[in-house]
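What follows is calculated from the coordinates using simple rules that are stated; it is not laboratory data. Source: prediction; values computed, not measured. A quick note on method: Cβ atoms are made from the backbone with ideal geometry, for glycine too, and the neighbour counts reach across all protein chains shown.
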Amino acid sequence: MPSVVVDHRRCEGKKDCLRVCPTQVFRLGPTEPSLPWLLKLKVAAHGGKQAFAVNAAACTACMECVTACPEHAITVTA
């Protein structure tokens, strides 16, 4: 089973991963409180939420999310 990791120090919540994932691995959720204020500001500009891999077991390692993420915040390892 592939491992899906979202780097929340990079994710700005632009939702590209949600749009391209064929198995609905990702959901948006509130930012982590420990994030730097500048990142929280960037996330706020895109709706105030970040991506979380809540359904990682459904991942087929198609890598569409990795390609689509403009911040390079997603890593998939098989």
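Being over 14 Å from PRO70 (Cβ atoms) and among the small types (Gly, Ala, Ser) is the filter here; which residues of region 1-54 pass it?
Selection gives SER3, GLY29, SER34, ALA44, GLY47, GLY48, ALA53.
Within region 29-36, is there a residue that is polar (S, T, N, Q), exposed (fewer than 15 other Cβ atoms within 10 Å of the Cβ) and assigned to a loop (DSSP other than H, G, I, E, B)? Steps first, answer last, please.
Residues of region 29-36 that are polar (S, T, N, Q), as a first pass: 31, 34.
Now restrict to residues that are exposed (fewer than 15 other Cβ atoms within 10 Å of the Cβ): 34.
Narrowing the set further to residues that are assigned to a loop (DSSP other than H, G, I, E, B) leaves 34.
Checked against the condition, which is being polar (S, T, N, Q), exposed (fewer than 15 other Cβ atoms within 10 Å of the Cβ) and assigned to a loop (DSSP other than H, G, I, E, B), region 29-36 yields at least one hit.
Can you list residue pairs whose Cβ atoms sit under 6 Å apart, with the first residue in region 6-28 being farther than 10 Å from GLN50 by Cα and touching a residue at least 60 places away in the same chain (Cβ under 8 Å) and the second being among the hydrophobic types (A, V, I, L, M, F, W, C) and outside any loop (DSSP other than H, G, I, E, B)? Count only pairs 6 or more apart in sequence or on different chains.
Every condition considered, no pair remains.
Which pairs turn up if I take residues in region 29-54 that are among the basic types (Lys, Arg) and look for partners that are assigned to a loop (DSSP other than H, G, I, E, B) and surrounded by 16 or more Cβ atoms within 10 Å (Cβ to Cβ) with beta carbon separation below 6 Å, at least 6 apart in sequence or on another chain?
From region 29-54, the pairs are LYS40/THR31; LYS42/GLU12; LYS49/GLY13.
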